[in-house]
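Participant: Here it is, the structure in full.
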Amino acid sequence: EVYVNVQLRIERALDDIFEDDAHVVHLFLHGRCFRSFLSAIEHVDLRLDNCATLAFIIQRKPLDDKEKQEKRSKLTKLAEEELKDILRDNHELSIKAKNLAMEMSEDEVREIWKLFTDEARDKWKSWGGDVPAPEAA
């Protein structure tokens, strides 16, 4: 899940909260949710220490149609950038995994083979990895 998806869910939750004329709401958010919350309220991204706590006072500001369209465009662009980053990271991890796989001993390959799904086994074979021989009975 990308940050934009989390941000959209948080925005919907805030809409629900403010629909009920809520005056005070207490939210506990961690990591991804906290960063997405900051984006949802258009606050600068803050990097906090583990277990840090911040209090915010927020007020609903309805957006006009132009602002909604601008926000949709911005979120679409952010989602595209985030997905590109994920694909790049996935490719880099795939290369690292392939290199590590080629360095494994036969016993290590046999152990990890037990954990692989069919898709992972096919990927392994496409890398030229050896299929482990069955264990001796």
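Participant: Could you tell me which numbered condition Glu103 fails, if it satisfies all but one of (1) modelled with pLDDT of 80 or more; (2) surrounded by 10 or more Cβ atoms within 10 Å (Cβ to Cβ)?
Facilitator: Unmet for Glu103, out of (1) modelled with pLDDT of 80 or more; (2) surrounded by 10 or more Cβ atoms within 10 Å (Cβ to Cβ): (2).
Participant: Considering only residues that are surrounded by fewer than 10 Cβ atoms within 10 Å (Cβ to Cβ) and assigned to a helix (DSSP H, G or I), look in the range 54-81 and name the one that is modelled with the highest pLDDT.
Facilitator: Only one residue tops the list, namely Lys66.
Participant: Let me ask something else about it. Hey, can you tell me all the residues within the range 106-120 that are outside any helix (DSSP H, G or I) and of a type outside the set (Phe, Trp, Tyr)? Give the derivation first.
Facilitator: Let us first name the residues in the range 106-120 that are outside any helix (DSSP H, G or I), namely 116-117.
Hit for the range 106-120 is Thr117, nothing else.
Participant: Next up: Could you list all residues from the range 1-24 that are open to solvent by less than 70 Å² (accessible area, probe 1.4 Å), part of a loop (DSSP other than H, G, I, E, B) and more than 20 Å from Ile86 (Cβ to Cβ)?
Facilitator: Of everything in the range 1-24, just one residue is open to solvent by less than 70 Å² (accessible area, probe 1.4 Å), part of a loop (DSSP other than H, G, I, E, B) and more than 20 Å from Ile86 (Cβ to Cβ), namely Ala22.
Participant: Looking only at the range 28-50, decide whether some residue is without any contact (Cβ under 8 Å) to a residue 12 or more places away in the chain, in a helix (DSSP H, G or I) and open to solvent by less than 100 Å² (accessible area, probe 1.4 Å).
Facilitator: Yes - at least one qualifying residue is present in the range 28-50.
Participant: Filter the range 21-53 for residues that are charged (D, E, K, R) and modelled with pLDDT under 75 and give the result. Can you show your working first?
Facilitator: Taking the range 21-53 and keeping what is charged (D, E, K, R), we get 21, 32, 35, 42, 45, 47, 49.
Scanning the range 21-53 gives Asp21, Arg32.
Participant: Can you pull out the residues in the range 84-105 that are outside any loop (DSSP other than H, G, I, E, B) and farther than 17 Å from Ala120 by Cα? Break it down into steps so the answer makes sense when it comes.
Facilitator: Start the filter on the range 84-105 by keeping residues that are outside any loop (DSSP other than H, G, I, E, B), which leaves 84-102.
Listed by number, the residues that qualify are Lys84, Asp85, Ile86, Leu87, Arg88, Asp89.
The values are calculated or read from the model by the stated rules, or taken from the named source; none is laboratory data. Computed from a prediction, not measured in an experiment: that's the story for all the values here. Methodologically, a virtual Cβ is constructed for each residue, glycine included, from the backbone with ideal geometry; neighbour enumeration extends over all protein chains shown. For accessibility, only protein heavy atoms count, side chains too; no ligands or nucleic acids. Shrake-Rupley method; radii C 1.70, N 1.55, O 1.52, S 1.80 Å.
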